[in-house]
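The values are calculated or read from the model by the stated rules, or taken from the named source; none is laboratory data. Fair warning: this is a prediction, and the values are worked out from it, not measured in the lab. Cβ atoms come from the backbone with ideal geometry, glycine included; neighbour counts cover every protein chain shown.
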Number of protein chains: 2
Amino acid sequence: MRMGQGVEWALHCCLNLAWVGAPVPGARLAGHYDLPAAYLNKQLQALVRAGICDSVPGPRGGFRLAREPGAVSLLDVVVALEGPEEAFRCTSILGAAPGGDPAADYSGSCAISLSMRSAELAWRRELAARSLADVAADVVRHAPDAPQRVRAALAP
Amino acid sequence: MRMGQGVEWALHCCLNLAWVGAPVPGARLAGHYDLPAAYLNKQLQALVRAGICDSVPGPRGGFRLAREPGAVSLLDVVVALEGPEEAFRCTSILGAAPGGDPAADYSGSCAISLSMRSAELAWRRELAARSLADVAADVVRHAPDAPQRVRAALAP
DNA sequence: GTGTACTTACTCGGATACCGGTTGTCCGAGTGGATGGGG
DNA sequence: CCCCATCCACTCGGACAACCGGTATCCGAGTAAGTACAC
């Protein structure tokens with residue numbers, strides 16, 4: 001059970017976009033972290049589809065945050081890249097057991113499914129409660145000049 | 001980010017093993033849920049390596065729970081099959097950014113890594129707090145004759 | 001000097017290969033019970 | 001009737017393929033800025 005690499009990249013990029021404000025080309029973000037530009041572009045496209053980022057084409061274009069940093073949760077980013085379905089998928093194998101209904105959906109009644117779903121819900125709740133603004137505040141507390149340095153490195 | 005199918009199978013099998021008490025062949029468990037026997041066997045082997053199940057060879061052999069159901073948490077099963085490493089892996093891309101140390105390990109200082117790890121810790125805590133005995137109790141509360149039916153179907 | 005049309009370089013966007021990991025399958029090593037013979 | 005050696009069927013265990021999703025890459029469509037020219 002591993003999460004896609006793109007999630008880490010997207011989170012760092014979103015944080016930087018929150019500090020820059022102006023559109024930043026995907027290639028410049030990729031160069032900043034020494035990442036494959038084309039692949040990072042793919043992840044950013046997913047963020048655009050999810051309504052987290054806006055993309056402006058042409059010269060002086062790039063990606064920028066579509067909402068306020070406080071209105072983008074870590075869960076939003078994770079869901080945008082990993083999809084909305086949960087990690088544990090109940091396939092209702094109880095339906096194949098003796099006395100089970102093969103056509104029934106046990107995901108809402110199977111105790112195992114409920115327990116796994118409950119745990120995953122706790123994970124999602126933690127991610128949903130933490131916004132980009134919260135993370136940015138933590139970074140600033142530790143390194144107050146980080147936003148300025150990022151702006152200097154990424155702004156045109 | 002999807003969890004392996006084997007986790008669901010292993011959880012159901014462990015619950016049944018807790019009710020049966022005696023060794024149950026992997027093939028019989030597989031037939032109970034109409035699963036590929038050889039592949040389920042692979043998952044059960046992982047449980048044995050993790051010390052969750054014991055395996056007895058020869059006729060009248062099979063798999064049985066190695067500890068009391070109350071001493072096996074859902075997290076134990078998940079870790080046995082999915083591995084101990086966490087879903088979100090911090091690759092310290094901050095080290096590649098300007099002003100970063102490429103050789104340093106940022107997984108303990110990067111605010112993003114800390115937030116993701118905190119959320120995953122909440123998930124693990126939920127799973128660790130729920131044992132097979134707890135889940136079994138929930139099932140019995142909903143269907144009191146489940147243990148007897150399982151014994152009748154799986155016991156030799 | 002100013003407005004306009006063109007050129008151009010730069011951006012995103014989707015379609016296309018590659019690879020590791022989960023999924024699925026197979027056969028061999030080992031073991032406990034059943035069986036047949038002998039005492 | 002009891003004991004023992006043999007045989008055998010049954011089990012796990014690890015080694016071997018197949019399929020799928022994440023990884024990585026490329027080139028084309030579209031756009032806005034810059035430029036040259038005509039008025």
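Before moving on, here are some points about what is shown:
- Every test in (1) in a helix (DSSP H, G or I); (2) more than 14 Å from the chain's Cα centre (by Cα); (3) near DNA strand D (Cβ under 9 Å from one of its atoms) is passed by B:M1 save one, and that test is (1).
- Residue in segment B:56-63 that is outside any helix (DSSP H, G or I), more than 12 Å from chain A (Cβ to nearest Cβ) and in contact with a strand residue (DSSP E or B) (Cβ under 6 Å, 6 or more places away or on another chain) present: yes
- Taking the criterion of being within 14 Å of DNA strand C (Cβ to nearest atom), within 18 Å of B:R151 (Cα to Cα) and surrounded by fewer than 20 Cβ atoms within 10 Å (Cβ to Cβ), the residues of segment B:28-82 that qualify are B:A30, B:G31, B:D34, B:R60, B:G61, B:R64.
- If you check A:L74, A:L47, A:L94 for being more than 24 Å from A:W123 (Cβ to Cβ) and either in contact with a helix residue (DSSP H, G or I) (Cβ under 9 Å, 6 or more places away or on another chain) or within 13 Å of DNA strand D (Cβ to nearest atom) (or both), only one passes: A:L94.
- Subset of segment B:4-29 [within 12 Å of DNA strand D (Cβ to nearest atom), touching a Phe, Trp or Tyr at 6+ places or on another chain (Cβ under 8 Å) and within 13 Å of chain A (Cβ to nearest Cβ)]: B:C13, B:L29
- Residues being within 7 Å of chain A (Cβ to nearest Cβ) and either at negative phi or buried (at least 19 other Cβ atoms within 10 Å of the Cβ) (or both) - total across segment B:90-115: 9
- Residues of segment A:28-52 that turn out to be farther than 22 Å from B:S92 by Cα and part of a loop (DSSP other than H, G, I, E, B), as a count: 3
- Scanning segment B:144-156 for residues that are modelled with pLDDT of 95 or more and farther than 18 Å from B:D34 by Cα returns B:P144, B:D145, B:A146, B:P147, B:Q148.
- Residue within segment B:90-110 that is under 25 Å from the mean Cα position of the chain (by Cα) and more than 16 Å from DNA strand C (Cβ to nearest atom) present: yes
- Checking the stated criteria, B:V79 turns out to be more than 9 Å from chain A (Cβ to nearest Cβ), more than 16 Å from DNA strand D (Cβ to nearest atom) and β-branched (V, I, T).
- Tally, over segment B:16-27, of residues that are aliphatic (A, V, I, L, M), outside any helix (DSSP H, G or I) and away from DNA strand C (no atom under 13 Å from the Cβ): 1
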